[in-house]
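Note sheet for the following structure.
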DNA sequence: TCCCAAAACAAACAGTTGTTTGGTAGGATG
DNA sequence: CATCCTACCAAACAACTGTTTGTTTTGGGA
């Protein structure tokens, strides 16, 4: 049977702090002392909860994927216009990526090979998430022989890269998603 | 007058090694000892050429931007169909980003805030480069009120993010550029 | 050939890194 | 109330980091 956790368990706080710091400064620039200090613990104490820094990253990654998928689910479930569904999915993705919880930002910001020992698991988590997007694109009414894979890679790349240039307050994720999907959908000939 | 450099100057070798390592492992994961070792020098000797690790990164960045711009120039200069010109520009960008010299990869891979003291200069170098792309997009014959800024951000994001998933041999930069531009240009209604 | 500056060596510095080890306070459980 | 194991503390470890300092080698112009 599973061992009962105690009420004063600060593990969630540790995860939150790690997510915040990883999202802000990146994986490499964040030390175990930074994380421990942020929750008032000593560095060594973290190793009661996680076997290594890389395992801690995996835990944050897992929670991150879980949250983005949860934020995406309602958008993907709604019936009606497939283009509208895609736009909402993009908006949800952007929201979690740009202004949402730190967990989501970590999944996009931190490269799997920053933690070589666990890189395959991180890649798998990313893929698991991107797969959800595939469905939204599969449902689009498109001309025959349209390269749906390229479409997914292009759209997802554009969304993810927005973390580089996005500044809060100037654009909302909603408006951004709208603009991007429009550029794809509307005919470009004048 | 400028002091004459000597023939046995290994500075270019240092830059090449730094570019290679930064592109492969990232800035943070590459130590000065790694770079020095790659050219058979001692760590301290690097400080004859560069005041700091961050300044070394700036030098690589500068060379990277110089090369990408050079690769882009012929594509932008050629007359004829603006869409074709854009496609060629994308192909040139992708080539330098995915299979070209390590310098170009560094510009995309290494985040400016990895080196806080010189971050503004790195951002300026990036902007300087992206500006070249703006012209190619400005020349496109588009419907009125098309959001050209969003188009640039979307396309450039899609291209840059390709560094994440691209595997040599499966797609060529040329083919990729063609596919991306087509997705934008061709009407999506079936 | 002489000489100087360019270019690199040799060795250390102080600080930080992830991690380990042994001990211990205190909620939960009987 | 006695016990047990969770959850942490305290302190250190060895390795590695970017950087500095003083010294030596070496190529090229006079």
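The values are calculated or read from the model by the stated rules, or taken from the named source; none is laboratory data. All of these numbers come straight from a predicted model, not from anything done at the bench. So basically every Cβ, Gly included, is an ideal-geometry build from the backbone, and we count neighbours across all protein chains shown.
How many residues are more than 18 Å from residue B:177 (Cα to Cα) and crowded, with 16+ Cβ neighbours inside 10 Å when one looks only at region A:140-154? If you could, list the steps in order and put the result at the bottom.
Of all residues in region A:140-154, those more than 18 Å from residue B:177 (Cα to Cα) come to A:140-144.
If we keep only those that are crowded, with 16+ Cβ neighbours inside 10 Å too, we end up with A:140, A:142.
Residues that pass the stated criteria total 2.
Mind listing just one residue for me: the one in region A:12-33 that is more than 14 Å from chain B (Cβ to nearest Cβ) and surrounded by 15 or more Cβ atoms within 10 Å (Cβ to Cβ) and, of those, nearest to DNA strand D (Cβ to nearest atom)?
Per the criteria, the residue is A:14.
Please go through region B:155-164 and give me each residue that is facing chain A (nearest Cβ under 7 Å) and either without any contact (Cβ under 8 Å) to a residue 24 or more places away in the chain or surrounded by fewer than 16 Cβ atoms within 10 Å (Cβ to Cβ) (or both), ordered by number.
Passing the criteria: B:157, B:158, B:161.
If you go through region B:163-184, how many residues are over 20 Å from residue A:143 (Cβ atoms) and in contact with a strand residue (DSSP E or B) (Cβ under 9 Å, 6 or more places away or on another chain)?
So the answer is 0.
Which number in (1) more than 30 Å from residue A:24 (Cα to Cα); (2) more than 9 Å from chain A (Cβ to nearest Cβ); (3) surrounded by 13 or more Cβ atoms within 10 Å (Cβ to Cβ); (4) at pLDDT below 95 marks the one condition that residue B:137 misses?
Here residue B:137 meets the rest and fails (4).
Could you tell me whether residue B:44 is within 14 Å of another protein chain (Cβ to nearest Cβ) and within 15 Å of DNA strand C (Cβ to nearest atom)?
The answer is no for residue B:44.
For every residue, the table says whether it meets (1) under 19 Å from the mean Cα position of the chain (by Cα); (2) under 19 Å from residue A:146 (Cβ atoms); (3) more than 7 Å from every other protein chain (Cβ to nearest Cβ).
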site	(1), (2), (3)
B:143	no, no, no
B:153	yes, no, no
B:166	yes, no, yes
B:177	yes, yes, yes
B:186	no, yes, yes
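Conditions (1) within 16 Å of DNA strand D (Cβ to nearest atom); (2) crowded, with 19+ Cβ neighbours inside 10 Å, marked per residue:
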| site | (1), (2) |
| --- | --- |
| A:37 | yes, no |
| A:40 | yes, no |
| A:46 | yes, yes |
| A:52 | yes, no |
| A:59 | yes, no |
| A:81 | no, no |
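Evaluate region B:93-110: report whether one residue or more is within 9 Å of chain A (Cβ to nearest Cβ), in a helix (DSSP H, G or I) and either buried (at least 22 other Cβ atoms within 10 Å of the Cβ) or at pLDDT 95 or above (or both).
Yes, region B:93-110 contains at least one residue that is within 9 Å of chain A (Cβ to nearest Cβ), in a helix (DSSP H, G or I) and either buried (at least 22 other Cβ atoms within 10 Å of the Cβ) or at pLDDT 95 or above (or both).
Does any residue of region A:4-21 turn out to be within 12 Å of DNA strand C (Cβ to nearest atom), farther than 30 Å from residue A:181 by Cα and in a helix (DSSP H, G or I)?
Yes, region A:4-21 contains at least one residue that is within 12 Å of DNA strand C (Cβ to nearest atom), farther than 30 Å from residue A:181 by Cα and in a helix (DSSP H, G or I).
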